[in-house]
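Below: one structure, written as structure tokens.
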Amino acid sequence: MKKTFTIHAGTHKTASTYIQSRLWRNRMILEKHGIKLLYSKEIKSGWFKDFAKWVEERNYRKVKSELKHIKTDAKHIVISAEQFARVLLTEERVDELRRILARFGYKLNIIIFLRDQPDYINSTYVQEVRRFYHSLDIPAFIKKCRKKRELKFNYEKMFSHLIENKNINITFLPYCSSLGDPFLRLITSLNENLPEDIEWIPANPNNANDQPGIKGVWLALEACKRMKTMGVNLKLLQDESMYIRKYSIPREWSKNRFYGLKPKKVNKIREYYRSSNDRFAQLAWRKETWADVYKNLRQEKYNIMDESSLIEEEMQEMKNLVTQVVSDIRERNPDAFPKA
């Protein structure tokens, strides 16, 4: 009987960090029930991005070496990395990996979480701003997504070939909070009929990858704009995600979450993807429309930082933090800043 090799492939911004934390902390429980988590021996976490990189770069010597060294009687191997979503876009890579796994006695199984595009775009925007990738406002970012990132948000173009590949199993899970805990949904989708009374260990709270809230987004945008005027080479920055988190986490800014899309813009984005989404829903879930699948999705309230709503002392603190963030970045990345 063939064993199963399951890839949890994200996508990005679908609680992958949370899922990986829980996979890691529950790995011994999973193994007791015949499920083995495959993980990096260097990082010691549920995130195995190197394996995805090996497949993408066709470094199959390392892939085979990893498979050879799996020492377990488990009938089900699970690996998680959102980087797999990019790898799986290429039919050739999927087939190459499938054939290698088959030689080791595994059937390839893929699980992918998908967000409704407006939420996905908003979440991607926050992530990129927080890391100082750009200082675009969200309308400009949406235009950029349509013109230059069509594949990233068009699920039909991205994944239809996986559904049509009869040699693999593929499961798409709609991502939204109303559908339940994503880790538990992933575990259920493994189809191993685990006991319902398992006491799963919660995620490590230190691994939370929450957004920095409206103040954190404002702070990142202003710091990025200032660095641009200074001639800073933003591409040379390292550990970009740490600088805003240094101030957002202790201040609990994530409680006031950023959502930069007004209802009219949300509807416009949904209309833009409606035809391809409906075709994808018919393929992936046998549903007539995308809206049938995401009908319980909560409508997020438009929420950005309004400078006029802050008292003078609060606004001054935010301006001081811009200076402090730029100083923090300069201290750790001197080569990115122009020489005096």
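Points to keep in mind about this one:
- If the condition is being in contact with a helix residue (DSSP H, G or I) (Cβ under 9 Å, 6 or more places away or on another chain) and part of a loop (DSSP other than H, G, I, E, B), then region 250-278 contributes Arg251, Glu252, Asn256, Arg257, Phe258, Gly260, Leu261.
- Members of region 18-37 found to be among the β-branched types (Val, Ile, Thr) and either in contact with a Gly (Cβ under 6 Å, 6 or more places away or on another chain) or surrounded by 20 or more Cβ atoms within 10 Å (Cβ to Cβ) (or both), listed by number: Ile19, Ile35
- Test: residue in region 165-178 that is modelled with pLDDT of 95 or more, outside the structural domain of Ser248 (by TED's automatic domain parsing), part of a helix (DSSP H, G or I) and within 20 Å of the chain's Cα centre (by Cα): no
- Scanning region 115-128 for residues that are in a helix (DSSP H, G or I) and of a type outside the set (A, V, I, L, M, F, W, C) turns up Gln117, Pro118, Asp119, Tyr120, Asn122, Ser123, Thr124, Tyr125, Gln127, Glu128.
- Of all residues making up region 305-340, the number that are part of a loop (DSSP other than H, G, I, E, B) and exposed (fewer than 14 other Cβ atoms within 10 Å of the Cβ): 5
- Residue check, Tyr133 assigned to a loop (DSSP other than H, G, I, E, B), hydroxyl-bearing (Ser, Thr, Tyr) and at pLDDT 95 or above: yes
- Qualifying residue in region 117-126 (condition: more than 24 Å from Trp290 (Cα to Cα), at pLDDT 95 or above and surrounded by fewer than 17 Cβ atoms within 10 Å (Cβ to Cβ)): no
- Residue that is farthest from Ser45 (Cα to Cα), among those in region 74-114 that are under 24 Å from the mean Cα position of the chain (by Cα) and in a loop (DSSP other than H, G, I, E, B): Thr90
- Residues that are surrounded by fewer than 21 Cβ atoms within 10 Å (Cβ to Cβ) and among the β-branched types (Val, Ile, Thr), drawn from region 56-93: Val63, Ile70, Thr72, Val87, Thr90
- Filter result for Asp210 (at pLDDT 95 or above and among the charged types (D, E, K, R)): no
- Residues that are over 19 Å from Met318 (Cβ atoms) and of a type in the set (Val, Ile, Thr) within region 235-287 comprise Val266, Ile269, listed in sequence order.
- So Thr14, is it part of a strand (DSSP E or B) and hydroxyl-bearing (Ser, Thr, Tyr): no
- Arg298, sole failed condition from (1) surrounded by fewer than 12 Cβ atoms within 10 Å (Cβ to Cβ); (2) assigned by TED's automatic domain parsing to the domain that holds Pro250: (2)
- Residue, farthest from Leu234 (Cα to Cα), within region 209-222, restricted to residues that are surrounded by 24 or more Cβ atoms within 10 Å (Cβ to Cβ) and small (Gly, Ala, Ser): Gly216
- Residue tally, condition in a loop (DSSP other than H, G, I, E, B) and either touching a Lys or Arg at 6+ places or on another chain (Cβ under 6 Å) or not basic (Lys, Arg) (or both), over region 279-294: 3
- Per this entry, Gly46 is not counted among residues that are more than 21 Å from Arg98 (Cα to Cα), assigned by TED's automatic domain parsing to the domain that holds Ile112, of a type in the set (Gly, Ala, Ser) and at pLDDT 95 or above.
The values are calculated or read from the model by the stated rules, or taken from the named source; none is laboratory data. This is a predicted model, so every value here is computed, not measured. FYI the Cβ positions are ideal-geometry reconstructions off the backbone, even for glycines, and counts take in every protein chain you see.
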